[in-house]
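Report on one structure; see the data block that follows.
The values are calculated or read from the model by the stated rules, or taken from the named source; none is laboratory data. As the structure is a computational prediction, the values presented were derived from the model and not from experiment. FYI the Cβ positions are ideal-geometry reconstructions off the backbone, even for glycines, and counts take in every protein chain you see. Heads up: the accessible areas ignore ligands, DNA and RNA and are worked out on the full protein's heavy atoms, side chains in. Shrake-Rupley method; radii C 1.70, N 1.55, O 1.52, S 1.80 Å.
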Amino acid sequence: MGLDDKDLLEQGWAAWDAQDWPTAARIYEDLATRRPEDPRTPGLWYDAALAHKFLRDWPRAFELGRQAARLAEPGTGDPAFWNLGIAATVLHSWSVARDAWIGYGISQIRPGQEEIEVDLGPVCVRLGEPDGPGEVVWARRICPTRARVVSIPMAVAGRRFGDIVLHDGEPTGRRTVGELTVPVFDELLVWRASEMPTWQVQVTAPEDGDYQALMDLFSMQDFGAEPQSSMDVMCKCCSEGTVDYSGPHETSGAQIMWLAAPREKAEQLLESWRAFDAERRTVGPLEVVH
């Protein structure tokens, strides 16, 4: 690069450090276009695409991401493929998304035109805006960048059991259950919102196992039921570390339960649970959350 280009590159670095993503993206793209043979050009295309991802400008992230992926070596875990996969998924460009995940080295993905839905196992996702009140929930990964929420969000408004969330690719924490440790990824957007309503209800039962029976009853029909006591509030620093999860904090006596199910089904299942031990179990009225 000539002297002028070096000065421009330094301006790009300064813009990046200041999180001035539009300026950084413009400078990196300009340099990459004018210096296609420079060994730093693949990194410039990648950073330009990444800046547009930060801006949530998905068409530009897609376009520049394709430039970066063309210069990346397949099967090496190059992040250029990952960022392209995210942008292609947002835009429903499934053939490009599949090629990107294959290029990254994910063996479970095959070429094709159809929407990706595979079982990549459990994961945790931190819901909400980056500067807002976050909430880590359990989910089931259906592609490298999307996961279906399988626990009931209690803190982030508008999020529901069954939401399909598009998440970032860099872990920001870990959760451990027994011998299983899974990464926590930050939400980028709600890719497909669930229509499953969320309810609160106060129930009373004499033993901890009664609450597990209620949760199992809902789970067997692919609905959600969780005690409010299962929610742990922690600082951002702790949340982004490794957290051991021992399961819901069950208590005997009165308990607020959060439910995710159509109203009629929720009422039927609650009544079935209550009737099993009608002398000791009670169920209050359903209250809609959203």
Answer yes or no as to whether Pro183 is open to solvent by 50 Å² or more (accessible area, probe 1.4 Å), under 21 Å from Pro144 (Cβ atoms) and either out of contact with any His (no Cβ under 9 Å at 6 or more places or on another chain) or modelled with pLDDT of 95 or more (or both). no
For segment 80-92, give me each residue that is under 18 Å from the mean Cα position of the chain (by Cα) and farther than 19 Å from Arg148 by Cα. Trp82, Asn83, Leu84
Among the candidates Leu44, Leu120, Leu127, Leu71, residue that is within 20 Å of Asp168 (Cβ to Cβ), without any contact (Cβ under 8 Å) to a residue 40 or more places away in the chain and either surrounded by 14 or more Cβ atoms within 10 Å (Cβ to Cβ) or touching a Pro at 6+ places or on another chain (Cβ under 6 Å) (or both): Leu120
Counting only residues that are among the hydrophobic types (A, V, I, L, M, F, W, C), give me the strands (runs of 3 or more DSSP E) lying completely in segment 163-230 with at least 3 of them. 164-167, 180-192, 198-205
Of the residues Glu63, Glu29, Glu37, which is among the acidic types (Asp, Glu) and within 26 Å of Ile142 (Cα to Cα)? Glu63
Could you list, in sequence order, all residues of segment 55-94 that are among the aliphatic types (A, V, I, L, M) and over 19 Å from Leu31 (Cβ atoms)? Leu84, Ile86, Ala87, Ala88, Val90, Leu91
Please enumerate the residues belonging to segment 103-118 that are in contact with a helix residue (DSSP H, G or I) (Cβ under 7 Å, 6 or more places away or on another chain) and either part of a helix (DSSP H, G or I) or aliphatic (A, V, I, L, M) (or both). Gly103, Tyr104, Ile109, Ile116
All-but-one check, Asp38 against (1) at pLDDT below 95; (2) open to solvent by 30 Å² or more (accessible area, probe 1.4 Å), failing number (2)
Just for segment 156-200: of the residues that are among the aliphatic types (A, V, I, L, M) and in contact with a Phe, Trp or Tyr (Cβ under 8 Å, 6 or more places away or on another chain), which one is farthest from Pro262 (Cα to Cα)? Val177
Might you let me know whether segment 93-104 holds any residue that is modelled with pLDDT under 95 and under 25 Å from the mean Cα position of the chain (by Cα)? no
Going through segment 186-217 in order, the residues found to be closer than 15 Å to Phe276 by Cα, hydrophobic (A, V, I, L, M, F, W, C) and open to solvent by less than 10 Å² (accessible area, probe 1.4 Å) are Val203, Ala205, Leu214
Picked from segment 1-30 (must be at pLDDT 95 or above, surrounded by 14 or more Cβ atoms within 10 Å (Cβ to Cβ) and of a type in the set (A, V, I, L, M)), the residue nearest to Leu84 (Cα to Cα) is Ala25
Among the residues of segment 144-172, what is the count of those that are in contact (Cβ under 8 Å) with a residue 40 or more places away in the chain and either farther than 13 Å from Leu127 by Cβ or open to solvent by 10 Å² or more (accessible area, probe 1.4 Å) (or both)? 15
